[in-house]
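In what follows, a structure is listed as C-alpha cells, so that the remarks can point back to it.
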Amino acid sequence: MAHVRLDGIAHSYSGGAAEADWALKTLDHDWRDGGAYALLGPSGCGKTTLLNVISGLIIPTRGRILFDGKDVTALPTEARNIAQVFQFPVIYDTMTVYDNLAFPLRNRGFPGPEIDRLVRQVAGMLDLADDIGRRARNLSADAKQKISLGRGLVRPDVAAILFDEPLTVIDPHMKWKLRRKLKEIHEQYRLTLVYVTHDQNEALTFADTIVVMHEGRILQVGSPQALFERPQHTFVGYFIGSPGMNLIDCRLDGETARIGEAAIPLAGALKGAAGTAPSGALRLGIRPEFLTLHDAQGPGRVEVAIRTVEDLGNYRIVTALLGDTALKIKLDEEAPIPADRAWLAFPPGRTLLYHDDRLIEASP
Ligand code: ATP
C-alpha cells in the first residue's frame, strides 16, 4: 500500500475560470499508508471527481498526485496500481465467482498457486466460499456486489483501494454486515482505503479518519469524535450529527454571547479569543446532545417555549423557541420534559463560536 499525497489539486470540467466552474478547488491532503478514510459530503461536492483524480480516470487541471513520493499525475489508471469499486457491480456475468476474483490477478501475471490462495482468502472474507464455483449471473444482486468488492480486495500489490458508494445497491441489513466486514478486513490487513459516501453513518462505522468535503473543498479532516465535538466549520457541525448542530446568530456582550435578550455564558478561554474576532457574522454552535432542559431558573439558564417533542424510540428530539430562534435538544427517553415553558442550559465547555463560518479557537 502507499502514502497518497494531493498537492494543490484543482479540476474544472468546463475549463471555465469562474469559481463555480471548479469541481475541485485546490486540495492538499495526505492519505497515510494503511489509513481507512471516508470521503463524506453532500451530492455534487466533488467526491467522485476526487476519487477519479486519484485513480487516474481524470487528469486534474492543476496540481500533482504523489504515490510514496513518486509523481503519478500524468500516469494512466493501468500504471497507477489502484483498485476501484463502483456503485454497481463490475463483474463478468458468465464467469464463475472464482474466475471473476482471479481475473485481476491473472491479468497481472500472478503465479497459479498464489492466485488460488488469494482468491480463496478473499472468498472466505466475504462469505462467498460456498458459491465459488457458481456463475455470477445465477447469484443475487448482493452477492454480485460482493464479487465486485472482492475484485477490489484481492490484489495484494495495490497502492490503495477506492470505493465509490459501493453499498448503495445492497439491502439495508446486508449493508450493515458488509460495512463491519470491510472494517474487520482493514483492521487485519491495514490496507489504504478511501471510501466515498454521503451517508454519515456509513462513514462513522467504517473509517478511522473522515474527510468532509463541501463545494469542491476539504473543510475538515479528523476522527469521528473530533468532527462531533469540534467542527471547524459550521457546515461540518450541521452536516455531521442527527440532528445537526444548532447554529444561532449572536453578538458578544462582555463575557456572554447574546441571542436577542438572552445572555449565554461562554467558557473562560473563549471570551478573550472571541473578543478579538474581526467584524463579521458571529454564530454560536451547540450540539442538541449537550443542551439540558430544566423546570426552574438557575445561573446561566435561559427561558424557552417548548414547541414539539418527537419520540424516536430510545431518545427524543425537542424543538424549543428561544425568542424567535428554534433550537433542537436531544434527550434520552427518561429525561423529564416540561410541558410548556422551560429553562435551557448551555454548558460553557460545549458552546462554540463561529466567525464567518470558521470556528474561533479558545486560547489555552
Ligand atoms: P454524488 O454524491 O452525487 O455522486 P459527488 O460529490 O461525487 O456527487 P461529483 O460527481 O464529483 O460530486 O461532481 C462534482 C461537480 O462536478 C458537480 O457540480 C457535477 O455536476 C460536476 N461534474 C461531475 N462530473 C462531470 C462531468 N463529467 N462533466 C461536467 N461536470 C461534471
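The values are calculated or read from the model by the stated rules, or taken from the named source; none is laboratory data. For clarity, every value in this text was computed on a predicted model and none was experimentally measured. Positions of Cβ are generated from backbone atoms using ideal geometry, with glycine treated the same way; all protein chains shown enter the neighbour counts.
Just a few scattered comments:
- Any hit, region 45-54, residues being surrounded by fewer than 20 Cβ atoms within 10 Å (Cβ to Cβ), free of Cβ contacts under 8 Å to residues at least 60 places away in the same chain and either more than 19 Å from the chain's Cα centre (by Cα) or in a strand (DSSP E or B) (or both): no
- Residue list for region 27-44, restricted to those being more than 16 Å from the ligand (Cβ to nearest atom) and part of a strand (DSSP E or B): D28, D30, W31, A36
- Scanning region 169-204 for residues being farther than 18 Å from K47 by Cβ and either of a type in the set (G, A, S) or out of contact with any Gly (no Cβ under 6 Å at 6 or more places or on another chain) (or both) gives a total of 19.
- Cβ-Cβ under 7 Å pairs, at least 6 apart or on other chains, region 221-250 side on the phi > 0 side of the Ramachandran plot and outside the structural domain of L40 (by TED's automatic domain parsing), far side part of a loop (DSSP other than H, G, I, E, B) and modelled with pLDDT under 95: none
- All strands (runs of 3 or more DSSP E) inside region 303-364 with 1 or more residues being under 12 Å from P288 (Cβ atoms): 315-322, 325-332, 341-345
- G109 being closer than 23 Å to T77 by Cα and either in a loop (DSSP other than H, G, I, E, B) or more than 33 Å from the chain's Cα centre (by Cα) (or both): yes
- Selected residue (criterion: surrounded by the fewest Cβ atoms within 10 Å (Cβ to Cβ)) from residues of region 310-321 that are hydrophobic (A, V, I, L, M, F, W, C) and modelled with pLDDT of 95 or more: L321
- A count restricted to region 163-194 and to residues that are not in a helix (DSSP H, G or I) and not charged (D, E, K, R) stands at 10.
- Test: residue in region 171-185 that is within 16 Å of the ligand (Cβ to nearest atom) and farther than 30 Å from I317 by Cα: no
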